[in-house]
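The values are calculated or read from the model by the stated rules, or taken from the named source; none is laboratory data. In this text the structure is predicted, and so the values were computed from the model without any measurement. As a convention, Cβ positions derive from the backbone with ideal geometry for all residues, glycine included, and neighbour counts pool all protein chains shown. Surface areas here come from the heavy atoms of the whole protein model, side chains and all, with no ligands, DNA or RNA. Shrake-Rupley method; radii C 1.70, N 1.55, O 1.52, S 1.80 Å.
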Amino acid sequence: MTDMTGRRPKQGLAGLWNISFGFFGIQIGFALQNANMSRIFQSLGESLDDLAFLWIAAPLTGLIVQPIIGHYSDRTWGRFGRRRPYFFAGAVFAALALFGMPNAPALWAAAVLLWMLDASLNVSMEPFRAFVGDMLDKDQHTAGYAIQTAFIGAGAVVGSVTPYLLDHLGVANVASGGGVPDTVRYSFYAGGAALFASVLWTVLTTREYSPEQIARFDGVAATVVDTPAPPQSIAGALAWVGSGLAIAALVLATGLEKELYLLAGLVAAYGVARIVAARLHAAGRRDNLLTHIVGDFAGMPPIMKRLALVQFFTWSALFIMWIYTTPVVAQYVFGSSDPASAAYNAGGNWVGILFAAYNAVAALAALFLLRPLARTIGKVRTHALCLAIGALGYLSFLFVRDANLLLLSEVAIGIAWASILAMPYAILASSLPQAKLGIYMGLFNVFIVVPQLLVATVMGTIVRHLFPTEPVWTMAFAAGVMALAALATLRVREDQAG
């Protein structure tokens with residue numbers, strides 16, 4: 001379908017539904033992972049203070065996968081389209097990982113499957129953000145991201161609540177002799193099937209515009225935008241390498257946790273990547289993955305740089321919540337820190353309900369709250385306000401000891417979650433060149449991944465040394481960094497996006 005007016009054809013509700021329905025299944029996978037992986041790890045014998053280390057696989061995988069998939073999806077065009085091949089391939093492997101996860105025979109196998117699951121979910125998820133920009137004109141971007149956020153919330157509700165519902169239907173919620181209970185096992189099976197089916201729906205019901213059509217819609221001569229040159233300063237690159245070595249030396253000298261060596265390695269690796277990319281560029285070898293990614297990262301639009309700080313604080317808080325909510329609720333509300341006990345597993349199921357609650361609130365807020373609020377006070381203030389409300393939700397975990405009252409905490413967190421999933425992308429929409437939406441969305445997600453990696457490497461150390469038997473204080477950390485995210489949002493100027 002073409003349009004000679006320079007605008008993409010307007011999509012109705014059915015079109016908006018089809019474009020984003022695959023995200024419903026992807027989020028079921030993420031919800032099952034977020035609500036149950038700590039439970040699975042502890043069932044296989046891992047201790048509380050080592051949970052964060054085992055979660056490293058997820059953010060590290062995203063850090064590597066998302067920019068690469070974004071880069072190549074921008075340059076893909078064939079019989080099956082531009083973004084859809086990535087949706088489908090990721091869904092196949094994510095479904096296989098979900099089927100295998102609850103049957104992991106040992107801790108190492110569960111960690112490997114977590115890596116496979118997160119890599120595959122990222123392969124499917126990353127192009128979906130760019131897909132909205134490909135398929136919709138700018139005046140429908142807000143609606144497109146709102147529908148996408150609603151599907152994210154709905155998928156998360158389904159994934160989070162399934163173990164709880166199975167328990168109430170009589171499925172065993174405690175495995176005899178330890179191990180993963182049947183409620184979790186069957187939830188992962190159902191989630192794998194739902195993920196594959198929903199992504200397949202989007203693949204089969206949408207037809208992507210060709211690069212020539214997109215160029216005509218956007219009024220440009222070609223769909224490829226020149227990549228900024230990678231930084232040529234060797235001194236700057238060496239500073240990154242030196243910073244990585246300094247972190248490693250600090251860990252060695254002070255006896256900090258060995259997980260921090262990974263952070264040191266990543267910092268140094270970026271410095272090395274800058275050196276190599278600069279050399280390739282100077283030699284005339286400019287059309288390669290490394291120079292494109294390093295150049296685009298260095299040449300990000302100013303609004304992305306300001307929002308990067310917001311994302312850093314925001315996702316630090318979220319990752320703390322995902323890792324520690326189960327042990328916090330099980331110990332302080334249900335009265336048990338023993339993963340083999342019935343009380344602990346009842347707490348784990350209630351965390352599924354809590355996570356379902358904040359995602360349900362997010363779905364409703366995305367459809368009925370964010371757009372009118374943004375029209376009244378602006379996108380930036382809307383996002384700052386929602387993040388501040390989320391910080392209050394985290395803070396309440398320090399005082400609430402009633403399972404039902406925690407649902408009010410999740411209302412606050414759900415409002416923040418709706419804004420996190422929609423508003424940064426709405427703010428960015430008009431500032432990014434359409435032909436590079438994939439790579440820029442992938443690079444933007446780096447600022448989601450890096451804080452998760454930092455939390456995974458540092459939070460275990462903090463818990464072990466400051467409050468080894470009192471995990472509730474992790475929620476105080478979450479509240480503090482979410483408040484910093486709200487303050488950082490106020491530094492963003494909306495006119496930078498226009």
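Here are the numbers for the structure shown:
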{"item": "The chain, accessible area per residue, ligands and nucleic acids excluded (1.4 Å, Å²)", "result": "38"}
{"item": "Cα shape, the range 15-174, gyration tensor, a/c 1.5 rule", "result": "prolate"}
{"item": "Label-reachable residues, the range 303-326, where backbone N falls under 12 Å from a point 7 Å from ARG493's Cα toward its Cβ", "result": "303"}
{"item": "20 Å Cα cut-off, lysine pairs counted over the chain (separation 8 or more, or different chains)", "result": "5"}
{"item": "Kirkwood-based shape ratio for the range 360-496, expressed as Rg/Rh from alpha carbons", "result": "1.01"}
{"item": "Per-q log10 I(q)/I(0), the range 141-217, q = 0.19, 0.23 Å⁻¹ (Debye; single scatterer per alpha-carbon; no solvent)", "result": "-0.92, -1.09"}
{"item": "Nearest-ten-degree value, helix 406-428 long axis tilted from longest Cα axis of the chain", "result": "10"}
{"item": "Derived scalar couplings ³J(HN,Hα) [the range 309-326; Karplus, 6.51 cos²θ - 1.76 cosθ + 1.60; whole Hz; x for Gly, Pro]", "result": "5, 4, 4, 4, 5, 4, 7, 4, 5, 4, 5, 4, 4, 5, 6, 10, 4, 4"}
{"item": "Cα-based helix-to-principal-axis angle, 289-298 vs the chain, degrees rounded to 10", "result": "90"}
{"item": "Heavy atoms of TYR145: accessible area, 1.4 Å probe, square angstrom to 10", "result": "10"}
{"item": "Accessible-area value, PHE21, 1.4 Å probe, nucleic acids and ligands omitted, Å²", "result": "40"}
{"item": "Prolate/oblate/rounded call for the range 264-379, Cα gyration tensor, a/c under 1.5 rounded", "result": "oblate"}
{"item": "Accessible surface of SER198 - all protein chains present, 1.4 Å probe, nearest 10 Å²", "result": "0"}
{"item": "D (Stokes-Einstein, µm²/s), Kirkwood Cα radius, the chain, 0.890 mPa s at 25 °C", "result": "106"}
{"item": "Accessible area, probe 1.4 Å, largest first, for residues TRP350, TRP108, TRP77", "result": "TRP108, TRP77, TRP350"}
